[in-house]
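A quick write-up on the structure given underneath.
The values are calculated or read from the model by the stated rules, or taken from the named source; none is laboratory data. Just so you know, these numbers come straight off a predicted model, no measurement behind them. Positions of Cβ are backbone-derived with ideal geometry, glycine not excepted, and every protein chain shown enters the neighbour counts. Accessible surface is based on the protein model in full, side chains and every heavy atom, while ligands, DNA and RNA are left aside. Shrake-Rupley method; radii C 1.70, N 1.55, O 1.52, S 1.80 Å.
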Amino acid sequence: MIGVSHYLILSGLLFSIGFMGVLRRKNLLMLFFATEVMLNAVNIAFAAVGNYYGDLSGQMFAFFIIAVAASEVAVGLGLLILLYKKYGSLDLDVISSMKG
Amino acid sequence: MESLVYIALFAPFVGSLFAGLFFARSPKNIIVGIVNPALIGLSLLASIILAFYVAEHGAVHVTMMDWISAGSLHIPFGFIVDKVSVTMMIVVTTVSTVVHVYSNGYMDHDKSFNRFFSYLSAFVFSMMILVMSDNFAGLFIGWEGVGVCSWLLIGFWYHKKDVTPDINPAISPSYAANEAFIMNRIADLGMLVGIFLIYWNVGSLQYDVVFKALPHLTDGILVAIAIGLFIGAMGKSAQFPLHTWLTDAMEGPTPVSALIHAATMVTAGVFLVIRANPLFGMEAVQGVSYFIAALGTFVAFYAASMALVNRDLKRIIAYSTLSQLGYMFAAAGLGAYWIALFHLAAHAFFKALLFLGAGNVMHAMDDELDLFKMGGLKKAMRGTYIYMGVASLALAGLPPLAGYFSKDAIIETAFNEGTLVLWGMLVFTAGLTAFYSFRQVFLTFEGEERYKLFGFHPHEMYKYVLIAMSPLAILAVVAGWFQGSFHEFIITLLPEYEMSHHTHHLAGKLGLIVLAFAITGIVIAYFKYARRGEKAFKQDEKVENGFIYKLLINQYYVPDFYVEFIVKPYKAISEKFWAIDKAVVDGTVDMIAKVIYTTGDKTRTIQNGNLSSYLNWMGAGTLLLILAAAVVAVMS
């Protein structure tokens, strides 16, 4: 029987994968993908816990997150295109300009 | 009457502020020179009217306002004008008025003319608070006030450098000012302890309340209070061993020496003992009182002996002030408070006159103070000669001048108490006093006109200054004649002191003995210094190399002792502590700064502009926070 704990473990694994992606990836586009993975890991956890308690607000929250993520991607991808036009690359090591 | 009290008190204060308006600006403002003496004169007038009122109706007691009111501590700003304080007020304002007028002439060419008057009037105001206050706290405020003004005025010519002439190790005014201030600070600690003890045990600082409560205190407390207060008096009145500052204070302008370091401030210690006579007169503190008398007698002799050989015009007078203060303490310690107060008043007049005369001589001789460079000044300065002669006669105690009556009464008291050692010393000192005062007068005014050798062109002081000095001269002559009426006036407040029948019987003979000593002193001085012409100035090598002369000219090596055993070790310790301070306190503060600086320097590299590494740091931080939260959750 698949219980709530399985969903949470899956959510944790996905989150960790996303987190590692954020830490390791150098390409900005890949960073966006990694954050999307983390957001959706949280969505799974919300939906699972909402179902477990019989409360709809968890799933409602998941929808909100999807909506926010969609708009974020829309804006972010626009910026990425501009950045690519300016630098000819999306590598973080190349486009860093502020040094302490 | 209340408004008169305020006029007497605040007129000098207004004068000080007024002169302060012109403080640093404009080299000299003659308005200051007129308004300030007038205001002090107004204060004198108010004091005289108050004296008549007090004689008839008794003390005037006013409470101006609450000063400190916290919990059970309640100290009002109150003033009492009774017979003791009104006597002091008249003495202070009389001398002050003369000195203010005199300063017009003396400070004529000084560029800080206005500043001088501001300080001088501020001093008078502080002194009035000191004598008029109706509680120990107010007395202490005035006490500190005169101390500050004394510091300001001794160091008036603060820009002067140290000069070391052949004789008399001179020091800079700023050094002398600091010395006076620090010495007084040491003594004031004793005084503060005394005042605190009073407050602890009585719960009030009002004179009347305190004196009423005294019989209920234990003997130990009474003795402690008496010792504390007397230590304060010792500092202000420059009694041994806190006496060295007074002669160095002569670095200040001469009117200051006359007003502060002869007539008024230094007598504050005597005033304190007189004011606290219910305490010092008690059975339990007889030991302290006797010590006061013995110390006073010792200082009288000690200071007079140093004056015998000194060559500095002003320092000799300073020593004689010390000596006369010793006489006053002797009288006060033996219980003859009214005699002490009488000598205080008489001494103020003739000593101020003597100092102002010395100021005239300095003015004439371009600030030269060495007696051995003067001589024969009588032709050029007849008026000053007469004044200084009269003052010296009064100081020597020749009838019918003021000093004769007051000093004789003190010496008689010592005899009456059966303290024959004290009596003998006081009589002998009277002879010394006569000798050194006339040594000084004769060396200055008689004999060979030696100043010509050194190229001085002496000239007499301005006429109006000489006229302004005349009230002091008259008082120096006549003050003693009022002994009887002063006794009647003051005795309702101060304890009566009667000579026994035996003493009364002998009084005439005792007086003759004192007189004989005084006249002998004068005659020796006359033949040694006035009659020998050129030879009077010859310095006898044999005497000058003798032990006694060396001891006396070096002030018994007391200043050297202080330098060697107090100043230098203190400086050495201070330097050690400074090193410790630098290592520990400064070190700690510096280390904090250094740690922050290096941390910043090291962590600066984190900000490398690379988003990826920022994210890594952020991730590590988040992990750490989660870990910490988990640990805390598990622990609790």
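Regarding the range B:205-213, can at least one residue be identified that is within 28 Å of B:Met461 (Cα to Cα) and assigned to a helix (DSSP H, G or I)?
No, there is no match, as no residue in the range B:205-213 is within 28 Å of B:Met461 (Cα to Cα) and assigned to a helix (DSSP H, G or I).
How about the range B:452-467: which of its residues are open to solvent by 20 Å² or more (accessible area, probe 1.4 Å), part of a helix (DSSP H, G or I) and within 26 Å of B:Ser103 (Cα to Cα)?
Residues satisfying the conditions are B:Lys463, B:Tyr464, B:Leu466, B:Ile467.
Output the residues belonging to the range B:186-243 that are under 30 Å from B:Pro559 (Cβ atoms) and of a type in the set (Lys, Arg).
B:Lys236
Within the bounds of the range B:577-587, is there any residue that is within 12 Å of chain A (Cβ to nearest Cβ) and of a type outside the set (A, V, I, L, M)?
No, that holds for no residue.
Checking the structure you have, find out if any residue of the range B:558-565 is more than 14 Å from chain A (Cβ to nearest Cβ) and hydroxyl-bearing (Ser, Thr, Tyr).
There is at least one residue in the range B:558-565 that is more than 14 Å from chain A (Cβ to nearest Cβ) and hydroxyl-bearing (Ser, Thr, Tyr).
Return yes when A:Phe19 is within 11 Å of chain B (Cβ to nearest Cβ) and buried (at least 16 other Cβ atoms within 10 Å of the Cβ) and no when it is not.
Against the criterion (within 11 Å of chain B (Cβ to nearest Cβ) and buried (at least 16 other Cβ atoms within 10 Å of the Cβ)), A:Phe19 qualifies.
Output yes when any residue across the range A:26-38 is open to solvent by less than 60 Å² (accessible area, probe 1.4 Å), under 30 Å from A:Gly3 (Cα atoms) and more than 13 Å from chain B (Cβ to nearest Cβ), and no when none is.
yes
Being open to solvent by 50 Å² or more (accessible area, probe 1.4 Å) and either in contact with a strand residue (DSSP E or B) (Cβ under 6 Å, 6 or more places away or on another chain) or in contact (Cβ under 8 Å) with a residue 24 or more places away in the chain (or both) is true for just one of B:Ala11, B:Ala59. Which residue is that?
B:Ala59
Return only the number of the condition from (1) part of a helix (DSSP H, G or I); (2) open to solvent by 10 Å² or more (accessible area, probe 1.4 Å); (3) touching a Pro at 6+ places or on another chain (Cβ under 8 Å) that B:Ala345 does not satisfy.
Failing condition for B:Ala345: (3).
Among the candidates B:Ser470, B:Ser500, single out the residue that is among the polar types (S, T, N, Q) and either closer than 24 Å to B:Ser323 by Cα or at pLDDT below 80 (or both).
The unique qualifying residue is B:Ser500.
Considering only the range B:220-294, give the helices (runs of 4 or more DSSP H) lying wholly within it that have at least 1 residues that are farther than 30 Å from B:Val99 by Cα.
Of the helices (runs of 4 or more DSSP H) lying wholly inside the range B:220-294, those with at least 1 residues that are farther than 30 Å from B:Val99 by Cα span B:277-280.
For B:Ser437, are the conditions met, namely being assigned to a helix (DSSP H, G or I) and buried (at least 22 other Cβ atoms within 10 Å of the Cβ)?
yes
How about the range B:569-618: which of its residues are within 30 Å of A:Leu90 (Cβ to Cβ) and aromatic (Phe, Trp, Tyr)?
B:Tyr614, B:Trp617
Of everything in the range B:504-523, what is of a type outside the set (A, V, I, L, M) and touching a residue at least 40 places away in the same chain (Cβ under 8 Å)? Give them in sequence order.
The answer is B:Gly511, B:Phe517, B:Thr520, B:Gly521.
Residues are listed down the side, and each one gets a yes or a no for (1) open to solvent by 10 Å² or more (accessible area, probe 1.4 Å); (2) under 15 Å from B:Gly359 (Cβ atoms); (3) not in a helix (DSSP H, G or I):
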| site | (1), (2), (3) |
| --- | --- |
| B:Tyr102 | no, yes, no |
| B:Lys111 | yes, no, yes |
| B:Asn114 | no, no, no |
| B:Met127 | no, no, no |
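Got a number for residues in the range B:589-619 being among the β-branched types (Val, Ile, Thr), open to solvent by 80 Å² or more (accessible area, probe 1.4 Å) and at the interface with chain A (Cβ under 9 Å from one of its Cβ atoms)?
Matching residues across the range B:589-619 total 1.
What pairs come up if the first residue lies in the range B:270-282 and is open to solvent by 10 Å² or more (accessible area, probe 1.4 Å), the second is assigned to a helix (DSSP H, G or I), and their beta carbons are under 7 Å apart, counting only those six or more places apart or on different chains?
Short answer, once both residue conditions are applied: B:Arg275/B:Val84; B:Asn277/B:Tyr337; B:Pro278/B:Phe211; B:Pro278/B:Leu214; B:Met282/B:Leu214; B:Met282/B:Leu222.
Look through the range A:45-98, keep the residues that are within 14 Å of another protein chain (Cβ to nearest Cβ) and loosely packed, with under 10 Cβ neighbours inside 10 Å, and return whichever of them is farthest from A:Leu28 (Cα to Cα).
A:Met98
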